[in-house]
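Everything below concerns the one structure shown next.
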Amino acid sequence: MKGDKADGRPHGGRAKDEETVRAGRRTVAISRPDKVLFPDDGITKLDVAEHYEAVAPRALPHLRGRPLMMERHPDGIGGRPLMQKNAPDYFPDWVRTSVQEKAGG
């Protein structure tokens, strides 16, 4: 899963600022697809997106209708994570959001 393709070059040797991945009826743009997210393993953003694409048929039925939030690592995977509970303005309109009660107010 390190991105090596049949020719031995990461992602076929392409270096792009953006890549697209098909997600059901949607096409999702992956900015900086060659950005390494997991340096110890050499796993890139495109590798992660392709993994999600592969497991989606089995995972999505269990996630459908459940609220989710993102765990972000702005300082890299070794840095302190933060939980992002609000959808940024740049999220596509087809991403459904909802307001959830917070325990303790």
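The values are calculated or read from the model by the stated rules, or taken from the named source; none is laboratory data. For clarity, every value in this text was computed on a predicted model and none was experimentally measured. Backbone-built Cβ (ideal geometry, glycine too); neighbour counts: all protein chains shown. What goes into the accessible areas is simple: the full protein's heavy atoms, side chains included, and nothing from ligands, DNA or RNA. Shrake-Rupley method; radii C 1.70, N 1.55, O 1.52, S 1.80 Å.
Taking the residues in the stretch 15-35 that are of a type outside the set (Val, Ile, Thr) and part of a strand (DSSP E or B) as candidates, determine which candidate is least open to solvent (accessible area, probe 1.4 Å).
Looking at the filtered set, the residue picked out is Glu19.
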Being in a helix (DSSP H, G or I) and at pLDDT below 85 narrows Gly12, Gly8, Gly105 down to just Gly12
Verdict on Tyr90 being under 19 Å from Pro33 (Cα atoms), modelled with pLDDT under 85 and open to solvent by 80 Å² or more (accessible area, probe 1.4 Å): yes
Within the stretch 81-105, of all residues that are without any contact (Cβ under 8 Å) to a residue 12 or more places away in the chain and charged (D, E, K, R), the one farthest from Arg64 (Cα to Cα) is Asp89
Counting only residues in the stretch 36-86 that are touching a Pro at 6+ places or on another chain (Cβ under 6 Å) and surrounded by 12 or more Cβ atoms within 10 Å (Cβ to Cβ), the one farthest from Glu101 (Cα to Cα) is identified as Leu46
